[in-house]
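Participant: I'd like to ask you about the structure that follows.
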Amino acid sequence: MSTTNQQAAPPRLAVPELLIGIGLLACAGAVAWQTLAIPVSPLYSKVGPTVFPYLTMAGLIVLSLLLILAALRGGWQPEEEKETPTDWKALGFVVIGLLANLLLIQPLGFTAASVIMFVLVCYGFGSRHTLRDVFTGLVLALAAYFGFAKALGVNIGAGFVENQLNTVIDAFSTTLGG
């Protein structure tokens, strides 16, 4: 029986997790910087317009510090996952979907841009059910749009689809109302 004292190799720095942690820390700094620019009226007694941004900032700081700590300890991924090659094609579809949303939201409106983004991101994640993805994206985008536009009164980018639906909704409510 051999009794060799083998010490485990010290964990090596996990650079991707470290970069994400530093990026989140930078995002927390941006949230703090923008929150400090929010004018606060003395009429607010306890809860003002800066409470939730500061809570978000605190959450980002905690998450970023936990990620940085995990990166210093070798990362949170098991070794076999670290060896998995990156699927650049799938990542490309996700990035194209996000860029498409960014570029198309102004000319097409929130709903159309969100559906296009949703379909491209689903394709990047391996879905090959385009019609189902279009329908699901449409339902989610319309729920988000009308939740913001009607319930909160926030315009997040009305386009052709939203304008047509608003016309139908207004006509329907006028018919019911009188």
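The values are calculated or read from the model by the stated rules, or taken from the named source; none is laboratory data. Owing to the predicted nature of the structure, the values given are computational and were not obtained by experimental measurement. Every residue, glycine as well, gets a Cβ built from its backbone with ideal geometry; the counts of neighbours run over all protein chains shown. Surface areas here come from the heavy atoms of the whole protein model, side chains and all, with no ligands, DNA or RNA. Shrake-Rupley method; radii C 1.70, N 1.55, O 1.52, S 1.80 Å.
Participant: Filtering the range 104-118 down to residues that are open to solvent by less than 30 Å² (accessible area, probe 1.4 Å) and β-branched (Val, Ile, Thr), which residue is farthest from PHE160 (Cα to Cα)?
Facilitator: The extreme case among them is VAL115.
Participant: Same structure, new question: From the list LEU165, LEU140, which residue is under 27 Å from CYS27 (Cβ atoms), in contact (Cβ under 8 Å) with a residue 12 or more places away in the chain and surrounded by 14 or more Cβ atoms within 10 Å (Cβ to Cβ)?
Facilitator: After applying the criteria, what remains is LEU140.
Participant: Taking the condition of being part of a helix (DSSP H, G or I) and farther than 30 Å from TRP88 by Cβ, how many residues in the range 125-178 meet it?
Facilitator: Going through the range 125-178 one residue at a time, the tally reaches 29.
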